[in-house]
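The values are calculated or read from the model by the stated rules, or taken from the named source; none is laboratory data. All values reported here derive from a predicted model rather than from experimental measurement. Virtual Cβ from ideal backbone geometry, glycine too; neighbours counted across all protein chains shown.
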Amino acid sequence: MSAVCEIPIETDLDGVIRVAGTRVTLDTLVEAFNEGATAEEITQQYPSLELGDVYAVIGYYLHNRDEVEQYLERRREQAVRVRSENEARFDPEGIRDRLLARRNTSMT
């Protein structure tokens, strides 16, 4: 007899998939797993996770690798876009000098 296991993941309003009831993203869990972390090590690193949930999510990933990898690729592309937009709005060049100058004027 095989039991049907509900996968403990949920999608937030921004379209980010997280382990249900936590702030840990699917991206984070899959990356840790792909870097060689065991389910036990992942729960030690992220105490809000339950061991059974980590195993269930890893199983989901392994059974749906293509779909999850497509999602992760979309997330990476989105991160690059957001980083570029932020750099265009807030030029990082010279930021250290500007922050030091601001600190010096507030100290006088």
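Structure notes:
- Matching residues, the stretch 60-89, being surrounded by 11 or more Cβ atoms within 10 Å (Cβ to Cβ) and either β-branched (Val, Ile, Thr) or outside any helix (DSSP H, G or I) (or both): Asn64, Val68
- Scanning the stretch 38-86 for residues that are farther than 24 Å from Asp14 by Cα, in contact (Cβ under 8 Å) with a residue 12 or more places away in the chain and of a type in the set (A, V, I, L, M) returns Ala39, Ile42, Leu51.
- Of all residues in the stretch 1-53 being of a type in the set (D, E, K, R) and either in a loop (DSSP other than H, G, I, E, B) or modelled with pLDDT under 95 (or both), the one that is surrounded by the most Cβ atoms within 10 Å (Cβ to Cβ): Glu50
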